[in-house]
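Asks: I'd like to ask you about the structure that follows.
The values are calculated or read from the model by the stated rules, or taken from the named source; none is laboratory data. Quick caveat: nothing in here was measured; it's all calculated off a predicted structure. With ideal geometry, Cβ positions are generated from the backbone for all residues, glycine too; neighbour counts draw on all protein chains shown.
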């Protein structure tokens, strides 16, 4: 099957699986259930679940085995966005072209919706159609990427660094946790479901680490060059909050040159996997060239 057709199929499958995974908005507590669905089903690139399917495809993993990991990582991502937008964090009122969850509902409901999305992710993995040992490995992978040693730790470092000039190495480390850890977990869970070897996992970890960095560099570039309408979120927030970014440290030309180097490195990391890596390569290309 052609790569574009695969990506379309996985995107549609992700939406179907998310719909089924989330609670009925007509059942009590309705407001919480409605907020969960609002946060998770309100569009988005679905990059992380797509990476699960693409990495699993490398090793001919059954899509039914990949579904739980794909949904779980997207629910974690959705929860992180709900909490990131809260007044105590980035204090944003726009996400994916719509009011953020705490604006559309209220702050308390948004906090609870984020909490419930997070716990639902691990419930789905615990009940997944896969051997128990594999499910446990996926749970451990996702939990590690989500907590203090991953996404939450990166967010804490981001808060601490606001208003300060970071060294480039510190900026990279922060984003390796805040953004990269969940991307790495998505790729790794897909590969685990396909019974990848330790050597193959290490090669894909390298690819995913580069992808996570490229994702953030592109995000920083777009924060400067794109409008809020294009982004679906408030543009220029990094500069307004006096945050270090790749363009602020490297200049815009330097940031774009770094992004080009990362794109080359990602494609090189996939060469050993041959043609079945075409979907992963396409997702890497989308990351580098995305406009929102």
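Asks: In the range 261-277, which residues are closer than 30 Å to residue 165 by Cβ and either in contact (Cβ under 8 Å) with a residue 24 or more places away in the chain or not in a helix (DSSP H, G or I) (or both)? Write out each step before concluding.
Replies: The first filter runs over the range 261-277 and keeps only residues closer than 30 Å to residue 165 by Cβ, leaving 261-266.
Selection gives 262, 263, 265, 266.
Asks: From 85, 67, 93, grab the single residue that is within 18 Å of residue 117 (Cα to Cα) and touching a strand residue (DSSP E or B) at 6+ places or on another chain (Cβ under 7 Å).
Replies: On the way: 67 fails: touching a strand residue (DSSP E or B) at 6+ places or on another chain (Cβ under 7 Å); 93 fails: within 18 Å of residue 117 (Cα to Cα).
Every option except 85 fails the conditions.
Asks: Can you name the residue in the range 140-159 that is outside any helix (DSSP H, G or I) and within 15 Å of the chain's Cα centre (by Cα) and, of all such residues, is surrounded by the fewest Cβ atoms within 10 Å (Cβ to Cβ)?
Replies: 147
Asks: Then there's this: Against the condition farther than 27 Å from residue 85 by Cβ, touching a helix residue (DSSP H, G or I) at 6+ places or on another chain (Cβ under 6 Å) and either in a helix (DSSP H, G or I) or at pLDDT below 95 (or both), how does residue 255 come out, does it pass?
Replies: no
Asks: Could you pull out the residue among 236, 212 that is out of contact with any strand residue (DSSP E or B) (no Cβ under 7 Å at 6 or more places or on another chain) and modelled with pLDDT of 80 or more?
Replies: Criteria check complete, one pass: 212.
Asks: If the Cβ limit is 6 Å and pairs must be 6+ apart or interchain, which residue in the range 27-48 that is assigned to a loop (DSSP other than H, G, I, E, B) pairs with which residue that is crowded, with 19+ Cβ neighbours inside 10 Å and modelled with pLDDT of 95 or more?
Replies: Partner pairs satisfying both residue conditions: 46/14.
Asks: Let me ask you something else. Can you give me the number of residues within the range 268-277 that are surrounded by fewer than 17 Cβ atoms within 10 Å (Cβ to Cβ) and touching a helix residue (DSSP H, G or I) at 6+ places or on another chain (Cβ under 7 Å)?
Replies: Total meeting the criteria: 2.
Asks: Of the numbered conditions (1) free of Cβ contacts under 8 Å to residues at least 60 places away in the same chain; (2) within 18 Å of residue 8 (Cα to Cα); (3) surrounded by fewer than 24 Cβ atoms within 10 Å (Cβ to Cβ), residue 24 satisfies every one except a single condition; which is it?
Replies: Just one mismatch for residue 24, condition (2).
Asks: Output yes when any residue across the range 216-229 is in contact with a strand residue (DSSP E or B) (Cβ under 8 Å, 6 or more places away or on another chain) and either touching a residue at least 12 places away in the same chain (Cβ under 8 Å) or surrounded by fewer than 22 Cβ atoms within 10 Å (Cβ to Cβ) (or both), and no when none is.
Replies: yes
Asks: Can you confirm whether residue 115 is surrounded by 15 or more Cβ atoms within 10 Å (Cβ to Cβ), over 16 Å from the mean Cα position of the chain (by Cα) and assigned to a loop (DSSP other than H, G, I, E, B)?
Replies: Criteria not met by residue 115.
Asks: So is residue 51 part of a helix (DSSP H, G or I), touching a helix residue (DSSP H, G or I) at 6+ places or on another chain (Cβ under 9 Å) and without any contact (Cβ under 8 Å) to a residue 40 or more places away in the chain or not?
Replies: Spelling it out, it is not the case that residue 51 is part of a helix (DSSP H, G or I), touching a helix residue (DSSP H, G or I) at 6+ places or on another chain (Cβ under 9 Å) and without any contact (Cβ under 8 Å) to a residue 40 or more places away in the chain.
Asks: Within the range 160-175, is even one residue free of Cβ contacts under 8 Å to residues at least 24 places away in the same chain, surrounded by 22 or more Cβ atoms within 10 Å (Cβ to Cβ) and touching a helix residue (DSSP H, G or I) at 6+ places or on another chain (Cβ under 6 Å)?
Replies: Looking through the range 160-175, at least one residue is free of Cβ contacts under 8 Å to residues at least 24 places away in the same chain, surrounded by 22 or more Cβ atoms within 10 Å (Cβ to Cβ) and touching a helix residue (DSSP H, G or I) at 6+ places or on another chain (Cβ under 6 Å).
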